[in-house]
Amino acid sequence: MTRYLTAITLSALLLAGCASQDEAIDNQTDQDSMADQMGDGSPTPIAGTEAETSAFQEETLTAQQMLEEADSPLASRVIYFEYDSAKVNDESLALLEAHGNFISGNGNVFVRLEGHADERGSREYNIALGDRRAQSVRRILLFQGSSTDQVDTISYGEEQPAALGHDESAWSQNRRVELVYEVR
């Protein structure tokens, strides 16, 4: 009997939720229709019009220009890590906050996070470490409001060193995640 009552209660709640959602959609449609009728007399742009294309190009140029500014925090696109670590340090957190805000504010901006490691460790271990580093940066960018569709990750492990050498100076430059942007 208790299962029967629970099933009936859940069904009633589900139906009530669906009805509320349908009412909200109907209300929004009515409001949109009223806004169209009471507009300022200017024509509503049709998808693909010259005005829409121009606005898109301006948005693209603005995002691209922001990426090209040399004195902007966005100019710094490499996050460095300690040996055998995927933990983002405090200095890098501030930098990633600027990147995260930029990405979340520009829907036409996409970033690929390329994880790297130094030459110490096996190839497989370094691929996994590069991935952990890229995923750490990804989580921070998503927390800042970036969409999952805007952020991709890849790990190169030790395969693409930034610096050649077999000492700490070279290794410290190779333990990194690079942010590679694309504005569409």
The stretch 70-75 - phi-based ³J(HN,Hα) in whole Hz, Karplus 6.51/-1.76/1.60, Gly and Pro as x: 5, 8, 7, x, 5, 5
³J(HN,Hα), Karplus 6.51/-1.76/1.60, whole Hz, each residue of the stretch 87-98, x for Gly, Pro: 7, 7, 7, 4, 4, 5, 4, 5, 5, 5, 4, 5
Charge-dipole axis of the stretch 72-183 as Lys and Arg at +1 and Asp and Glu at -1 on Cβ define it, positive-most pick from G145, A162, A134: G145
Of I103, N174, L74, farthest towards positive along the dipole that unit charges on Lys, Arg, Asp, Glu beta carbons give the stretch 72-183: I103
Phi to ³J(HN,Hα) by Karplus 6.51 cos²θ - 1.76 cosθ + 1.60 over the stretch 122-134, Hz, x for Gly, Pro: 6, 4, 5, 4, 5, 5, 5, 5, x, 5, 4, 5, 4
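Net charge around L93, counting only other residues with Cβ within less than 12 Å of its Cβ (Lys, Arg = +1; Asp, Glu = -1)?
Result for the local shell: -1.
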Dipole magnitude (debye, nearest 20) for the stretch 72-183, charges at Cβ of Lys, Arg, Asp, Glu: 260
Y83 versus S122: modelled label distance in nm, points set 7 Å from Cα along the beta carbon direction: 2.1
Sites E68 and F143, calculated FRET efficiency, Cβ-Cβ separation with R0 25 Å, nearest 0.05: 0.45
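Any read-out appearing in this document is the output of simple, stated calculations on the displayed coordinates, not a laboratory observation. Model, not experiment: these values are computed from the prediction. For neighbour counting, all protein chains shown are included, and Cβ atoms are generated from backbone atoms with ideal geometry for every residue, glycine included.
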